[in-house]
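As structure tokens, the structure follows; a few thoughts come after it.
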Amino acid sequence: MICPVCSGSDALSFQQIQTKEYFRCNTCMGIFVDPKNHLSPEEEKERYSQHNNDIYDFDYRKFLSALYDPITQKLKRDARGLDYGSGPGPALAEMFKEDHYAIEIYDPYFFPDDSCFSKQYDFITCTEVAEHFYSPQKEFQKLNSLLEVGGWLGIMTNFYDDSIDFQDWYYRKDPTHVVFYAQETFEFIGSMMSWRIEIPAKNVVLFKK
């Protein structure tokens, strides 16, 4: 099986759980579900529509601050950003706006204005997005093309390590989660894209182009 994260050809069967087969890449250590288990776009949108992400919810904002706080420490006040995969409730973008950063939002289902792809940005954020990528390598290449040299890409997703019971892991059980990253996976992605990498908090990675 070819790895969708790094295109490595040595991904082997990792676990069979009910009707789903998961593979693990021995090159980048990413884990991904067999593509035949991907949801249809209609099923995926229906699942996302069930998320209750109130943009003013205190606890949700506190959760997002794990990425917001370290990335804003890297930015100039006139930095221009993109929240990529904002979902139906773009709380993170609202946090940036409240602090007077210029930011656009994109989501293929809820904010599908692709005019953002004709621009470049000083920072891009992906919170709880990368685990949904059907073609992660292509997505990271797209993000790279949208990022100014010297710009920052911030990603929040639950990292996997071997202390986790994969079969019982709540993160795996979400049917829209199709790829799972270890710290080594992000280190490989950074090397592959020639990005500098920092891991400022649990489940948060910052890349500098």
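The values are calculated or read from the model by the stated rules, or taken from the named source; none is laboratory data. Bear in mind that the values here come from a model prediction, so they are computed numbers and not experimental data. Ideal geometry is used to build each Cβ from the backbone, glycine not excepted, and the neighbour counts take in all protein chains shown.
Only a single item in (1) within 26 Å of residue 179 (Cα to Cα); (2) out of contact with any Cys (no Cβ under 8 Å at 6 or more places or on another chain) is not met by residue 95, and it is number (1). Restricting attention to segment 99-106, does a residue exist that is in contact (Cβ under 8 Å) with a residue 12 or more places away in the chain, of a type in the set (Ser, Thr, Tyr) and in contact with a strand residue (DSSP E or B) (Cβ under 8 Å, 6 or more places away or on another chain)? Scanning segment 99-106, I find at least one residue that is in contact (Cβ under 8 Å) with a residue 12 or more places away in the chain, of a type in the set (Ser, Thr, Tyr) and in contact with a strand residue (DSSP E or B) (Cβ under 8 Å, 6 or more places away or on another chain), so the answer is yes.
Give me the residue from segment 111-140 that is out of contact with any strand residue (DSSP E or B) (no Cβ under 7 Å at 6 or more places or on another chain), touching a residue at least 12 places away in the same chain (Cβ under 8 Å) and not aromatic (Phe, Trp, Tyr) and, out of that set, nearest to residue 191 (Cα to Cα). Of everything passing the filter in segment 111-140, 137 is nearest to residue 191 (Cα to Cα). Could you list, in sequence order, all residues of segment 129-164 that are assigned to a loop (DSSP other than H, G, I, E, B) and either aliphatic (A, V, I, L, M) or under 18 Å from residue 32 (Cβ atoms) (or both)? Correct list: 129, 133, 134, 135, 157, 158, 159, 160, 161, 162, 164.
Within segment 166-201, count every residue that is under 15 Å from residue 131 (Cβ atoms) and acidic (Asp, Glu). Matching residues across segment 166-201 total 1. Out of 36, 76, report the one residue that is out of contact with any Lys or Arg (no Cβ under 6 Å at 6 or more places or on another chain), modelled with pLDDT of 95 or more, more than 30 Å from residue 198 (Cβ to Cβ) and charged (D, E, K, R). Within the list 36, 76, the selection yields 36.
Remark: pairs (first residue in segment 30-52, touching a residue at least 12 places away in the same chain (Cβ under 8 Å); second residue part of a helix (DSSP H, G or I); Cβ separation under 6 Å; 6+ apart in sequence or on different chains) = 30/185. Take residue 106 and tell me if it is closer than 15 Å to residue 71 by Cβ and either modelled with pLDDT of 95 or more or basic (Lys, Arg) (or both). Against the criterion (closer than 15 Å to residue 71 by Cβ and either modelled with pLDDT of 95 or more or basic (Lys, Arg) (or both)), residue 106 does not qualify.
Residues of segment 167-209 being basic (Lys, Arg), within 16 Å of residue 151 (Cα to Cα) and not in a strand (DSSP E or B), which ones?
First pass over segment 167-209, keeping only residues basic (Lys, Arg): 172-173, 196, 202, 208-209.
Subsequent filtering for residues that are within 16 Å of residue 151 (Cα to Cα) retains 196, 208-209.
Listed by number, the list holds a single entry, 209.
Among the residues of segment 69-116, those identified as assigned to a helix (DSSP H, G or I), over 22 Å from residue 48 (Cα atoms) and in contact with a helix residue (DSSP H, G or I) (Cβ under 9 Å, 6 or more places away or on another chain) are 72, 96.
Which one of these is closer than 17 Å to residue 186 by Cβ, in contact with a Gly (Cβ under 7 Å, 6 or more places away or on another chain), crowded, with 16+ Cβ neighbours inside 10 Å and modelled with pLDDT of 95 or more: 143, 67, 147?
67
Inside segment 55-64, can you point out the residues that are outside any helix (DSSP H, G or I) and surrounded by 12 or more Cβ atoms within 10 Å (Cβ to Cβ)? Once the filter is applied, which keeps residues that are outside any helix (DSSP H, G or I) and surrounded by 12 or more Cβ atoms within 10 Å (Cβ to Cβ), segment 55-64 yields 55, 57.
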